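*Asks:* Handing you this structure, nothing more for now.
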Amino acid sequence: MNETMVCAVGRVATQPVYRETASGPSARFRLAVTARYWDREKNTWTDGHTNFFTVWANRQLATNTAASLTVGEPVIVQGRLKVRTDVREGQSWTSADIDAVAIGHDLAWGTAAFRRAGKTEAAAPSPAQPEPNWETSQEGSEEETAAHAQSGSGTAVLT
């Protein structure tokens with residue numbers, strides 16, 4: 001089955017709502033995406049139309065979303081676009097949802113400090129990692145390969 005993958009850049013419009021469900025954690029929030037364009041007559045940037053999407057996150061992404069995002073923060077969301085049409089009380093409603101695969105802060109607007117999930121703030125800091133040798137060949141050393149192979153989910157703090 002073909003799916004429509006999208007990447008939306010916007011701002012968190014509602015506080016994420018976190019739920020524990022039978023199938024695992026789930027979180028949702030509204031994303032506001034506003035087009036901006038250069039108005040030649042006014043010689044300034046102008047806001048265009050705003051589209052709103054309901055972003056759905058599941059499992060660890062839901063947990064990290066609820067812990068990391070607040071209203072107004074700039075984010076980038078990648079996921080599957082789902083457009084639905086319903087009839088409620090005789091009126092036709094159309095909603096655009098994004099089933100998120102990845103969510104992150106937009107670093108064009110600030111900085112973020114990544115923290116792996118599950119580690120407490122009181123834990124002892126890990127030993128300093130040496131700066132990687134960016135001039136090495138593609139293969140790299142075993143230590144560099146192991147460092148790149150570490151995977152995990154985490155949260156980011158936008159400052």
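*Asks:* Step by step: first the residues of the range 77-97, then only those that are in contact with a Lys or Arg (Cβ under 9 Å, 6 or more places away or on another chain) and open to solvent by 60 Å² or more (accessible area, probe 1.4 Å), then the one that is nearest to Phe53 (Cα to Cα). Which residue is that?
*Replies:* That would be Thr94.
*Asks:* Starting from the range 103-118, keep only residues that are basic (Lys, Arg), then list their pairs with residues that are surrounded by 12 or more Cβ atoms within 10 Å (Cβ to Cβ) and assigned to a strand (DSSP E or B) whose Cβ atoms are within a distance under 6 Å, requiring at least 6 positions of separation or different chains.
*Replies:* If the second residue must be surrounded by 12 or more Cβ atoms within 10 Å (Cβ to Cβ) and assigned to a strand (DSSP E or B), the pairs left are Arg115/Gly154; Arg115/Thr155; Arg116/Gly154.
Residue-by-condition table, conditions (1) at pLDDT below 50; (2) more than 28 Å from the chain's Cα centre (by Cα):
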{"residue": "Gly90", "(1), (2)": "no, yes"}
{"residue": "Ser95", "(1), (2)": "no, no"}
{"residue": "Ala112", "(1), (2)": "no, no"}
{"residue": "Ala117", "(1), (2)": "no, no"}
{"residue": "Glu131", "(1), (2)": "no, no"}
{"residue": "Gly140", "(1), (2)": "yes, yes"}
{"residue": "Glu143", "(1), (2)": "yes, yes"}
{"residue": "Ala149", "(1), (2)": "yes, no"}
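*Asks:* Please work out if Val101 is part of a loop (DSSP other than H, G, I, E, B), modelled with pLDDT of 95 or more, open to solvent by 60 Å² or more (accessible area, probe 1.4 Å) and among the hydrophobic types (A, V, I, L, M, F, W, C).
*Replies:* It is false that Val101 is part of a loop (DSSP other than H, G, I, E, B), modelled with pLDDT of 95 or more, open to solvent by 60 Å² or more (accessible area, probe 1.4 Å) and among the hydrophobic types (A, V, I, L, M, F, W, C).
*Asks:* If I go through the range 50-76 residue by residue, how many of them are assigned to a strand (DSSP E or B) and open to solvent by 70 Å² or more (accessible area, probe 1.4 Å)? Don't jump to the end; show me each part of the working.
*Replies:* So in the range 50-76, the residues assigned to a strand (DSSP E or B) come out as 50-58, 74-76.
Keeping just the survivors that are open to solvent by 70 Å² or more (accessible area, probe 1.4 Å) gives 51-52, 56.
The number of residues fulfilling the criteria is 3.
The values are calculated or read from the model by the stated rules, or taken from the named source; none is laboratory data. Small disclaimer: the values here were computed from a predicted structure and weren't measured. Note that each Cβ is placed from the backbone with ideal geometry, even for glycine, and that neighbours are counted across all protein chains shown. To get the accessible areas, we keep the full protein, side chains included, count just its heavy atoms, and leave off ligands, DNA and RNA. Shrake-Rupley method; radii C 1.70, N 1.55, O 1.52, S 1.80 Å.
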